[in-house]
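Take a look at the structure below.
All of the numbers you see were taken from the coordinates with simple rules; none came from a lab. This is a predicted model, so every value here is computed, not measured. Note that each Cβ is placed from the backbone with ideal geometry, even for glycine, and that neighbours are counted across all protein chains shown.
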Number of protein chains: 2
Amino acid sequence: MRILVLGGDGYCGWPTALHLSEAGHDVAIADNFARRQIDHELGAGSLTAIFDLRERVKAWREVSGRRIEVEVGDLLEWDFVAEVMERHRPDAVVHFAEQRSAPYSMIDRRHAVYTQHNNVIGNLNLLFAMKEFAPDAHLVKLGTMGEYGTPNIDIEEGFIEIEHNGRRDTLPFPKQPGSFYHLSKVHDSHNIHFACKIWELRATDLHQGVVYGTVTPQTERDVRLANRFDYEDVFGTVLNRFCVQAAIGHPLTVYGTGGQTRGFLDIRDTVRCIELAVENPAEHGEFRVFNQFTEEFSVERLAELVVEAAYKMGIEASIENVPNPRVELEEHYYNAKHTRLLVLGLEPHYLGDSLLDSLLNIAVENRERVDMDAVAPKVDWRKGRRKDTIRTEPEPSPV
Amino acid sequence: MRILVLGGDGYCGWPTALHLSEAGHDVAIADNFARRQIDHELGAGSLTAIFDLRERVKAWREVSGRRIEVEVGDLLEWDFVAEVMERHRPDAVVHFAEQRSAPYSMIDRRHAVYTQHNNVIGNLNLLFAMKEFAPDAHLVKLGTMGEYGTPNIDIEEGFIEIEHNGRRDTLPFPKQPGSFYHLSKVHDSHNIHFACKIWELRATDLHQGVVYGTVTPQTERDVRLANRFDYEDVFGTVLNRFCVQAAIGHPLTVYGTGGQTRGFLDIRDTVRCIELAVENPAEHGEFRVFNQFTEEFSVERLAELVVEAAYKMGIEASIENVPNPRVELEEHYYNAKHTRLLVLGLEPHYLGDSLLDSLLNIAVENRERVDMDAVAPKVDWRKGRRKDTIRTEPEPSPV
């Protein structure tokens, strides 16, 4: 299949592009490098050294013999979206090209507006471009489990049958997103659902859990193929962040009690889930939702697992419950369905010692690249970014 | 109370500003005149002659002795929003300042993007400005009954208690909006709900039905206070449009079978509902939803009522079922709750002969201002605006 991976230079997009290419698909990447730009803005960076996209695809060609085309541009620019869609006429569009950090969206008004504008309008442009130039293409859109929030009932996959006053209907599952970023994904989901209805587009909205890990079989084939590994408070996902904290001797910062429970998955399952969605497309007019995660953990439990794994490696790690910068329930019911991808053939990589060992090793190997200041929470949901953490000077040299 | 009416130059905003001013409140209007600009774009205009906002407020001062301040600017401009909020520090903000036409949002990509960008980002700016400069102010936001779509169960006011697998929760009512405009209102509702949660703002989201009528006791006190009356297919609400069609001898254009059922209200009830919401504010942290309409009608039934009322005035009107340009169910269950405003004291003006007579008379009196070409549907939900209806020449002179 011809597959366009939007945001294919990012944390999930890059390994997905490689995985799909290796699986025999004809892959093209579009990216505007917004994520690399944000590294400059925040004075932060990947724990692992990552190469430019041109070097990445060149390396991939050398090691695999397979070519990945690159388109550089922004979904906010209609001319770009239209041209790319018309030139490639893809069978599937995998859409990662959105600002993906909740804390980033909560920094201040400007970052909230950037996030919703970038994500919602970019996605709207994409829908119109698909309608015009690739109406048969299947949109595989990255959403988030965070769209649901933490309701006191079981979370279904996108839709729920409701009986009310003696009547029944199957309706979109109510959404209670917890940041301006999560809200942008809810807005997208509603827009895509509508586009499928009126234009008979076909779409799969992957409500993804929290991703951990960084390595896939493809990214480890060459140092130039390395995936990014974010460990700071704004873009680092929680398990990756804990592993780095353990490696550098920083207490694992659990927000509040740590009773917050979420769905998680290994990045090796992310790329496989995308492949399963692409290879089993939605019907025309169908808007379907898959909950894309493999296990549920509380944040406290994750911290304990990291402490145990670190201990076996001779690292003594501790846990520190810090004031929760977010507005969220710390003790709540959580039971989310996630069977649709399993039915399609997903064989999960459950969280175990080998993954934790691998992450801890990567963290230890790269510890000289860690910026100690970057791991404490800087963005408060109520007050925005703490003023004393805004960097006005160049990054200090690594220790 | 000090009340800021955003979009106070428009169809609902202007009579609301007058009504609140007459009720003794200290009213200021902010508007960017986007609606007047769209008249130029579409080559359309109000059936009634409307005066510039400066003349309107001058006339109001003359007839009532009361002053309404005017701020000219755009909610997309942060400096403007911040300055206005800081200068006025209102007790209540009534927010009409959004693109409000479903067909306009469906013209093409550009108009869809304009609608969502204008509405969602303008509303985000407003939320941040309230948080910063008027955290105690009560936001009274105009939403729409169209956010709900037409589920096969009773529609509640914003939230529904769901029992599922033996557990219960009260959750946001699932939304199935039917245009990019309606989607923008759903996005707003989610954003406002979140802002109330994290910043303890207070908001009432008025899910308004289809408004009809044009006159209020205030607007008829002087010809310069006249409210606008849209009758064309893009901004004209259905009952107003039918009355004009009857007056000019055009068949009443019912889309499809006309079985589409919606909630409706008289514009005199719109202004009263706003007053009731303002005078009974939400609590801090509370996001509440009132369904703001007084009666349900099918479109076919409305057309019949207009034909009957016209007949009594000696006008023979006919009904034409035209192909439905929208994507919507034409036969469906519809039962929406609307008790919360009644509990607060709303005494509805139910649709009756006197209102229909009044609308028909206005239409007859102004029939020389009617553009016959403007009443047929031009915007198709699947295909966008019909190319042959785009006006590239100046408006023809009125008949």
Check your understanding: Taking residue B:203 and the conditions (1) under 22 Å from residue A:327 (Cα atoms); (2) surrounded by 24 or more Cβ atoms within 10 Å (Cβ to Cβ); (3) out of contact with any helix residue (DSSP H, G or I) (no Cβ under 6 Å at 6 or more places or on another chain), which numbered condition does it fall short on, given that it satisfies the others?
Key -> (3)
Practice item. Check region A:160-178 and report whether any residue there is in contact (Cβ under 8 Å) with a residue 12 or more places away in the chain, in a helix (DSSP H, G or I) and more than 16 Å from residue A:336 (Cβ to Cβ). Key: no
Review point. Which pairs have Cβ atoms under 7 Å, sit 6 or more apart or on different chains, and link a residue in region A:135-155 that is under 18 Å from residue A:2 (Cα atoms) to one that is among the small types (Gly, Ala, Ser) and in a loop (DSSP other than H, G, I, E, B)?
Key: A:138/A:282
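Quick grid of which residues meet (1) under 20 Å from residue B:274 (Cα atoms); (2) at the interface with chain A (Cβ under 10 Å from one of its Cβ atoms):
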| site | (1), (2) |
| --- | --- |
| B:90 | yes, no |
| B:97 | yes, no |
| B:110 | no, yes |
| B:113 | no, yes |
| B:118 | no, no |
| B:124 | no, yes |
| B:134 | yes, no |
| B:143 | yes, no |
Review point. What is the number of the single condition among (1) surrounded by fewer than 23 Cβ atoms within 10 Å (Cβ to Cβ); (2) among the aliphatic types (A, V, I, L, M); (3) touching a residue at least 12 places away in the same chain (Cβ under 8 Å) that residue A:198 does not meet?
Key: (3)
Point to revise | Residue count for region B:196-206, restricted to those that are assigned to a helix (DSSP H, G or I) and more than 8 Å from chain A (Cβ to nearest Cβ) | key: 1
Check your understanding: Just wondering, is there one or more residues in region B:209-230 that are of a type in the set (Phe, Trp, Tyr), farther than 30 Å from residue B:63 by Cα, in contact (Cβ under 8 Å) with a residue 24 or more places away in the chain and touching a strand residue (DSSP E or B) at 6+ places or on another chain (Cβ under 9 Å)?
Key -> no
**Study point:** Qualifying position, being over 22 Å from the mean Cα position of the chain (by Cα) and within 26 Å of residue B:111 (Cα to Cα), among B:379, B:370, B:307, B:322
**Key:** B:322
Revision key, fill the gap. Going through region B:151-178 in order, the residues found to be charged (D, E, K, R) and closer than 26 Å to residue A:332 by Cα are B:156, B:157, B:161, B:163, B:167, B:168, B:169, B:175
Review point. Got a number for residues in region B:156-195 being farther than 23 Å from residue A:154 by Cβ, among the basic types (Lys, Arg) and within 7 Å of chain A (Cβ to nearest Cβ)?
Key: 0
Check your understanding: Somewhere in region B:207-223, is a residue part of a helix (DSSP H, G or I), away from every other protein chain (no Cβ under 14 Å) and crowded, with 23+ Cβ neighbours inside 10 Å?
Key -> yes
**Study point:** Filter result (acidic (Asp, Glu) and under 19 Å from residue A:183 (Cα atoms)) within region A:148-162
**Key:** A:156, A:157
Check your understanding: Would you pick out the residues in region A:145-155 that are facing chain B (nearest Cβ under 8 Å) and either surrounded by fewer than 19 Cβ atoms within 10 Å (Cβ to Cβ) or part of a strand (DSSP E or B) (or both)?
Key -> A:152, A:154
Exercise for review: Read through the list (1) among the hydrophobic types (A, V, I, L, M, F, W, C); (2) within 23 Å of residue B:104 (Cβ to Cβ); (3) part of a helix (DSSP H, G or I), then give the number of the only condition that residue B:265 fails.
Suggested key: (3)
**Study point:** Search result, residues across region B:88-122 that are surrounded by fewer than 22 Cβ atoms within 10 Å (Cβ to Cβ), in contact with a strand residue (DSSP E or B) (Cβ under 8 Å, 6 or more places away or on another chain) and closer than 22 Å to residue B:203 by Cβ
**Key:** B:88, B:89, B:91
Review point. Does residue B:45 satisfy the condition of being part of a loop (DSSP other than H, G, I, E, B) and either of a type in the set (Phe, Trp, Tyr) or under 25 Å from residue B:206 (Cβ atoms) (or both)?
Key: no
